[in-house]
Structure formats: structure tokens, C-alpha cells
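Peer 1: Dumping the structure here so I can ask a few things about it.
The values are calculated or read from the model by the stated rules, or taken from the named source; none is laboratory data. Keep in mind that this is a model prediction, so the values were computed, not measured. Neighbour counts are summed over all protein chains in view; Cβ atoms, including those assigned to glycine, are modelled from backbone coordinates with ideal geometry.
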Amino acid sequence: MAKQRQYCLAIGGFDPSGGAGILADIKTIEQHKIYGLGVITANTIQTDSNFISANWLPFTQIKSQLELMLTTYPINVCKIGLVKSFDQLTKIIDIILTHRPKIKIIWDPILSATAGIDFHKEFNIDQLSHILDCCYLVTPNIPELE
């Protein structure tokens, strides 16, 4: 009897070049023989070396995608990348934990694009602390770490 693959949910932007975002996450997840699922937060206009803009999806669409995945699949791990704001990130985490209280959340904070576009210029330290408390692992790049 074949063993069923585990599921990992990736949440983030859609980079049409596949160098970042959901496409890159799914490629990495699948390389580890885990079934990759995705929830899109933004359609980005970019290549692997040029970021032009992010077209954010309405939160109602993000929530609908997220709830469908969480109620359909036995997801044990979730990786979160590009989101519009810390407020939205908090809402996403709350939805995830409501459906899957024991899930492992990995947060890859994307605070700026390689091309120099900044996200999340303002945040509340208490809100950031709450986000970090909910995460199993945080994987910042050097600019986010600083």
C-alpha cells in the first residue's frame, strides 16, 4: 500500500517567472516529495531580477482560498511569504490556527523586493510579537533580519 504524501500550504504572491513566490515554493515543496498547495495573496509583475508591482487580491478572496484548502486537506505545515500588511498576516494566521491549531507555520518575512520596493513600512511591536509567537520557524533574508 502506497503511503499518502503529506501536504504543505504555501501562501504568498504569484511571481510569473517562478523565481520567487508560490511557484518557487511549490517547486521546493515538491522536491521534498510533499504535496504543495497554494493560496495567492498578490499577482506580481516581475521577473527574477526586476520587480515592477504587486496587485493585491482582496482579503475575501484570500480567506476563501485559505478556508477551502484548510477544510479539504490534512495540512500540517504552512509557509507564508508575501502579504499586504501585518494586519492581513495576523488575520491569515488566526484563520489557519482556527482550522488547524497544531499546524507548523513558517513565516518568510518579505519586507522589501530585490528592486528596492518596500513593504510593511509601519508595524506595531505587539502585533509583530504575536505573529512571532504563532510561528514555528521564521526564515528572514539578511535585510529582514536587520
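Peer 1: So, in the range 1-46, exactly how many residues are modelled with pLDDT under 90, in a strand (DSSP E or B) and closer than 23 Å to Thr71 by Cα?
Peer 2: So the count comes out to 0.
Here's the yes/no breakdown for (1) among the basic types (Lys, Arg); (2) modelled with pLDDT of 95 or more:
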{"residue": "Thr60", "(1), (2)": "no, yes"}
{"residue": "Gln65", "(1), (2)": "no, yes"}
{"residue": "Lys84", "(1), (2)": "yes, no"}
{"residue": "Ile95", "(1), (2)": "no, yes"}
{"residue": "Ala115", "(1), (2)": "no, no"}
{"residue": "Lys121", "(1), (2)": "yes, no"}
{"residue": "Pro140", "(1), (2)": "no, no"}
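Peer 1: If you don't mind, another one. Considering the range 1-17 alone, what residues qualify as being closer than 18 Å to Ile103 by Cα and of a type in the set (A, V, I, L, M)?
Peer 2: Listed by number, the residues that qualify are Leu9, Ala10, Ile11.
Peer 1: What are the residues in the range 18-59 that are among the β-branched types (Val, Ile, Thr), touching a residue at least 24 places away in the same chain (Cβ under 8 Å), closer than 21 Å to Ile103 by Cβ and surrounded by fewer than 17 Cβ atoms within 10 Å (Cβ to Cβ), if any?
Peer 2: Ile34, the sole residue that qualifies.
Peer 1: While we're looking at this one, here's another question. Do any residues in the range 3-17 that are without any contact (Cβ under 8 Å) to a residue 60 or more places away in the chain have Cβ atoms under 7 Å from those of residues that are part of a strand (DSSP E or B) and of a type in the set (S, T, N, Q), where the two are at least six apart or on different chains, and which pairs are they?
Peer 2: Partner pairs satisfying both residue conditions: Phe14/Asn43; Phe14/Thr44; Asp15/Thr44; Asp15/Gln46; Ser17/Gln46.
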